[in-house]
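See structure below.
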Amino acid sequence: MAVTNLTYQPQFQLLGLMDGTDSHPLLFLLFLSIYLLNVLGNLSIVVLVRSDGALCSPMYYFLGHLSLVDVCFTTVTVPRLLATLLHPGQAMSFQACFAQMYFFVALGITESYLLAAMSYDRAVAVCRPLHYGVVMTPWRCFVLVAASWAVAHLHSLLHTLLISALSYPRSAPVRHFFCDMTVMLSLATSDTSAAETAIFSEGLAVVLTPLLLVSLSYAHILVAVLGMRTTGGRHRVFSTCGTHLVVVSLFFGSVLSVYFRPSSVYSARYDRMASVVYAVVTPTLNPFIYSLRNKEVKGALKRGFRWRAAPQDE
């Protein structure tokens, strides 16, 4: 199978978000605005977490890494999406396609494990507030983040090697706005059963593990909240964790609906729409859901603006 791929270089044509050959300038402006908002919001969080001493708790440590991942995650796919909205049928080389797949999968899995780490952090803060500093040590936070990156890249490397080793036609249309695993498997001309078995079994374990950790964390939070005697405490926890849970549900729900469903109900249009949710919408919402509703982050933003304005006042 690998020898076939060496005799010629397959080329793929990204058909984009919409079927047909028409350009979509309004959608281009919409997704460009979303992408710029994503970059501005997430990079602002990264800078604030690194520069403001008040944002030194584990929650902001995880948030800084999540924001960095979100910027990279959308940058892997959105520029190509914007190009196909103006000029559908963009040609993409074999190497570029699988490089995009590698980074997309790696960053997506990293995000899922960081969301799980943040859920665990919130569960410890709510359920064991007196032991929070002992449990969430800097070393443990570092290990959680490092493990998230390591597991994600090993997972992505396995999937990319398995799928790239398959045979492909010399030229193939990709009914998506990026080189997605499911689409590339459907384009292969060689037997994909072994690759599909390995990808589904290992992928199911890797994707369901953070989802299980998130579910257990929020189950502990719910039990702790129901045991609170003051309504003010309940309201504060629900207002904080409720919005987090919405974003987590959007991310994992859309991922599971795309990658873990029977092939008999496959729909290219649905896959593209669901991919927009977890690859574009959720990473854009994260900085606003997790931080801009937070008084500490708002205070850090105000201090940053004052620091920039101070030299002009002198």
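Only one entry of Ala152, Ala205, Ala194, Ala172 meets the criterion of being open to solvent by less than 50 Å² (accessible area, probe 1.4 Å) and in a helix (DSSP H, G or I), and that entry is Ala152. Considering segment 133-149, and only residues there that are of a type in the set (Val, Ile, Thr) and open to solvent by less than 40 Å² (accessible area, probe 1.4 Å), the residue that is modelled with the lowest pLDDT turns out to be Val135. Within segment 106-132, the set of residues being open to solvent by 60 Å² or more (accessible area, probe 1.4 Å) and either over 15 Å from Tyr290 (Cα atoms) or in contact with a Phe, Trp or Tyr (Cβ under 6 Å, 6 or more places away or on another chain) (or both) comprises Arg128, Pro129, Leu130, His131. Tell me, yes or no, whether segment 119-132 has at least one residue that is more than 20 Å from Val225 (Cα to Cα) and in a helix (DSSP H, G or I). Among the residues of segment 119-132, not one is more than 20 Å from Val225 (Cα to Cα) and in a helix (DSSP H, G or I), which makes the answer no. Comparison of Ser190, Ser119 shows that the only residue that is in contact with a helix residue (DSSP H, G or I) (Cβ under 6 Å, 6 or more places away or on another chain) and either under 29 Å from Met273 (Cα atoms) or not basic (Lys, Arg) (or both) is Ser119. State yes or no: is Leu66 under 22 Å from Pro10 (Cβ atoms), among the hydrophobic types (A, V, I, L, M, F, W, C) and surrounded by 19 or more Cβ atoms within 10 Å (Cβ to Cβ)? Against the criterion (under 22 Å from Pro10 (Cβ atoms), among the hydrophobic types (A, V, I, L, M, F, W, C) and surrounded by 19 or more Cβ atoms within 10 Å (Cβ to Cβ)), Leu66 does not qualify. In summary, Val183 fulfils each of the numbered conditions (1) touching a strand residue (DSSP E or B) at 6+ places or on another chain (Cβ under 8 Å); (2) in a helix (DSSP H, G or I); (3) open to solvent by 50 Å² or more (accessible area, probe 1.4 Å) with the single exception of condition (3).
Note on segment 69-105: among residues that are in contact with a helix residue (DSSP H, G or I) (Cβ under 7 Å, 6 or more places away or on another chain), buried (at least 17 other Cβ atoms within 10 Å of the Cβ) and within 25 Å of Asp22 (Cβ to Cβ), the one that is modelled with the lowest pLDDT is Gln90. Among the residues of segment 144-165, those identified as closer than 16 Å to Val183 by Cβ and either free of Cβ contacts under 8 Å to residues at least 12 places away in the same chain or of a type in the set (A, V, I, L, M, F, W, C) (or both) are Leu162, Ile163. Checked against (1) under 18 Å from the mean Cα position of the chain (by Cα); (2) open to solvent by 40 Å² or more (accessible area, probe 1.4 Å); (3) among the β-branched types (Val, Ile, Thr), Ile45 meets all criteria but (2). What about Asp70, is it in a loop (DSSP other than H, G, I, E, B) and either charged (D, E, K, R) or under 17 Å from Pro287 (Cβ atoms) (or both)? The answer is no for Asp70. Tell me, yes or no, whether segment 93-110 has at least one residue that is in contact with a Pro (Cβ under 7 Å, 6 or more places away or on another chain), more than 22 Å from Ala172 (Cβ to Cβ) and not hydroxyl-bearing (Ser, Thr, Tyr). Scanning segment 93-110 turns up no residue that is in contact with a Pro (Cβ under 7 Å, 6 or more places away or on another chain), more than 22 Å from Ala172 (Cβ to Cβ) and not hydroxyl-bearing (Ser, Thr, Tyr).
Cβ-Cβ contacts under 8 Å between residues 6 or more apart (or on different chains), taken from a first residue in segment 274-288 that is part of a helix (DSSP H, G or I) to a second residue that is among the charged types (D, E, K, R), are listed as Ser275/Asp180; Pro283/Asp70; Pro283/Glu111; Thr284/Asp70; Asn286/Asp70; Pro287/Asp70. Just one of (1) part of a helix (DSSP H, G or I); (2) open to solvent by less than 60 Å² (accessible area, probe 1.4 Å); (3) not aromatic (Phe, Trp, Tyr) fails for Leu166. It is (1).
The values are calculated or read from the model by the stated rules, or taken from the named source; none is laboratory data. The model shown is predicted, which means the values in this text are computed figures rather than measured ones. When we count neighbours, we look across all protein chains shown, and the Cβ atoms used for this are built from the backbone with ideal geometry, even at glycine. Only protein heavy atoms, including side chains, enter the accessible area calculation; ligands, DNA and RNA are left aside. Shrake-Rupley method; radii C 1.70, N 1.55, O 1.52, S 1.80 Å.
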